[in-house]
Amino acid sequence: MKKYTYTEKKDTRSGFGVGLHEAAKLNPDIVALTADLKGSLKMDAFEKDFPERFFQIGIAEANMIGIAAGMTIGGKIPFTGTFANFSTGRVYDQIRQSVAYSYKNVKICASHAGLTLGEDGATHQILEDIGLMKMLPGMVVINPCDYNQTKAATMAIAEYEGPVYLRFGRPSIPVFTDPDQVFEIGKAWMVNEGTDVTIIATGHMVWKAIEAGEQLAELGIDAEIINIHTIKPLDEEAILKSVQKTGCVVTCEEHNKFGGLGESVARLLSTELPSPQEFVAVNDSFGESGTPDQLMTKYGLDTINIVEAVQKVIKRKK
Amino acid sequence: MKHTINELEDIVSQVRRDIVRMVHGCQSGHPGGSLGCAEFLTALYFETMNHSPEFKMDGVGEDLFFLSNGHISPVFYSVLARSGYFEVSELATFRKLNSRVQGHPTTHEGLPGIRIASGSLGQGMSVAIGAALTKKLNKDHSLVFSLHGDGELQEGQNWEAIMFAPHNKVDNLISTIDYNGQQIDGPTEKVLSLESLEAKFTAFGWHVITSSGNNMEEIVKSLEYAKSLTGKGRPILNLMSTQMGYGVDYMVGSHKWHGTAPNDEQLASALNQNKETLGDY
């Protein structure tokens, strides 16, 4: 098992804030919009340095998505920022018609995704957003795994022409990816090469997959770990190549098991390479109040859940 | 003026023929609101707006128009075609398979003149505000126009946009309400009362003007007046009274023709009431 270490923990939303600021320095067409959550989305530096390109919309997410779509006409590249719940479910039809169907160059940037938003509870913890967004034709869906990757992803989507959903979170988690990485949309990252099982993880679950890989190594199981940061378009080649070798797969995501990364992988494998698969995901449930760690444990998204899923899926191999 | 009122009225007559023929041709679509807005759209594209049928999505240096109530697509398509955005013969493909002239306007098939999809109601004012903000950032002094149904104002997103535009001094925007008092299920006052739109928009901080949308001379003057009010710190709201189905006697003023196509006999009657001026497609 390749050794991963970290010296600090940071929130992925701060990676977004820094990435947005960096991208804005490079491209004067980038504009930022928020629905009364500039602090939570770490957009303060952008507002301070580019006040004329910053738009406070107020608590009106539908209007924000529509304004963003309109701003592309004339060449601006709008980044909208609010919580994941208000970035997707609340404004699905606005995104569908004014952004996706109209194919506008809007970057929908969503913080506080999943259970790890914590104490605010289920009204704010969306676990359906990946599914909602990946079903929209032409929508790119990205869920980076740490501060550095989120920063790099933010800068990469600024260069990409077309609608993007970028999903990140609130809690401080280990920073373990390369600070100078080049983010390639749709390209899987090989975290660890192995032979016995393929663990495919996205977002906050990638670090847990690494922890699981270390524990599995002690049990004599050689896990291949792949980070799928881009859920759509899916790096099908990387997944098929890995599962061809290992013969089974565990998918890990902070999302409902319905509609998420796991289902995308299952769809691919069912047609191309039928293989045993286990899902580490929320079991068709809403969340609740609690600390992020408590919630990840209660809803089965911990390191131990990945280890157990791997043991189970390996037994299912013929 | 680029055209005389008589010339504009001749164009409107042809637009009305196009509308009823398109809707008849596929036996679906929305003739009522389309007919009621024929003068307005004709005035915009043939007189008021500075625009080029050499369509460029970004529309830099041009006035832009956004149709929020996308179901009145027949009038929009007719006016775009008659302005030279695409061949008028393409109107015959309205609502048919493999057509760019979709039931509701869309960028998806690449029809020139369309800058956003609309149909799901209530979204166009936000989009128009966004385009207006970009014009300001680009130091582009041309204007943004939008059209909305009165019933459409029952959608809540409008009121988010209506609150936003004056607060942010979006004064390069002229939004028009097609105030015909009708929606699919009946008169707006029965379905969900709008109360005084003039008072509401004024209270939200808009500069409100009223106009008569089925009088060509008046709507041209009203739009010129609206243009003179831009750049003064407030968005402009043109509360335009129209009659649904105007120009076809058996359709006038009734919500029953919101989304119903005429039969052969009714088509002949409608065409008799609107002379062919520019040549049918």
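Coordinate-derived values only; no laboratory data. Since the model is a prediction, treat every value here as computed from it, not as a measurement. Cβ placement follows ideal geometry from the backbone for every residue including glycine, while neighbour counts extend to all protein chains displayed.
What to note about this one:
- Nearest 10 degrees, 0 to 90: helix A:236-246 Cα axis against chain A principal axis: 20
- Shape call, the protein assembly as shown: gyration tensor on alpha carbons, a/c limit 1.5: prolate
- Averaging 1/r across all pairs of distinct Cα atoms in region A:9-174 and inverting the result yields a Kirkwood radius of 15.2 Å.
- Label-point separation in nm, A:L273 to A:I59, each point 7 Å along Cα→Cβ: 4.9
- Pairwise FRET efficiency - A:S289 versus A:D44, Cβ, R0 = 25 Å, nearest 0.05: 0.35
- Over all other residues within a Cβ to Cβ distance under 10 Å of B:Y179, the charged ones net out to -3, with Lys and Arg as +1 and Asp and Glu as -1.
- Relative contact order of chain B, defined on C-alpha pairs under 8 angstrom at six or more residues apart (%): 27
- For the pair B:H3 and A:V182, a Förster radius of 51 Å applied to the C-beta separation gives a FRET efficiency near 0.35, rounded to the nearest 0.05.
- When you restrict to C-alpha pairs under 8 Å that are six or more residues apart and normalise by the size of chain A, the relative contact order lands at 19 percent.
- Positive contributions from Lys and Arg (+1) and negative ones from Asp and Glu (-1), summed over other residues with Cβ under 14 Å from the Cβ of A:D49, come out at +1.
- Helix axis angle, A:303-316 relative to chain A longest principal axis, alpha carbon, degrees: 50
- Relative contact order (percent, whole number), region B:127-185, Cα cutoff 8 Å, 6+ residue spacing: 47
- Pairs of Lys residues in region B:5-272 that lie 8 or more places apart, or on two chains, and have C-alpha atoms under 25 angstrom apart add up to 25.
- Principal axis dimensions, region B:108-197 - Cα atoms, whole angstrom, descending: 45, 36, 18
- On the principal axes of its alpha carbon atoms, region B:5-272 extends 51, 43, 35 Å, with the longest extent given first.
- Region B:139-281: C-alpha gyration tensor shape, a/c 1.5 cut-off, then a/b vs b/c: oblate
- Inter-part distance where region B:153-199 and region A:174-235 are each reduced to a Cα centre, Å: 51
- Principal-axis tilt of helix A:205-218 within chain A, Cα atoms, nearest 10 degrees: 20
- Each distinct pair of alpha carbons in region B:1-132 adds a 1/r term; the inverse of their mean, the Kirkwood radius, is 14.8 Å.
- Spatially proximal lysines relative to A:K257 (Cα-Cα < 24 Å; intrachain offsets below 8 disregarded): A:K134, A:K187, A:K208, A:K232, A:K241, A:K298, A:K312, A:K315, A:K317
- Region A:189-316 shape via C-alpha gyration tensor axes, a/c threshold 1.5: oblate
- DSSP beta bridge pairing in the protein assembly as shown, given as percent antiparallel to the nearest 5: 15
- Of the GluC sites (Glu not before Pro) found in region A:160-269, those that fall in a DSSP loop while having at most 15 other beta-carbon atoms within 10 Å are A:E161, A:E184, A:E193.
- Relative to the current alpha-carbon distance between B:H141 and B:H108, full extension at 0.36 nm per residue lengthens the span by 9.1 nm.
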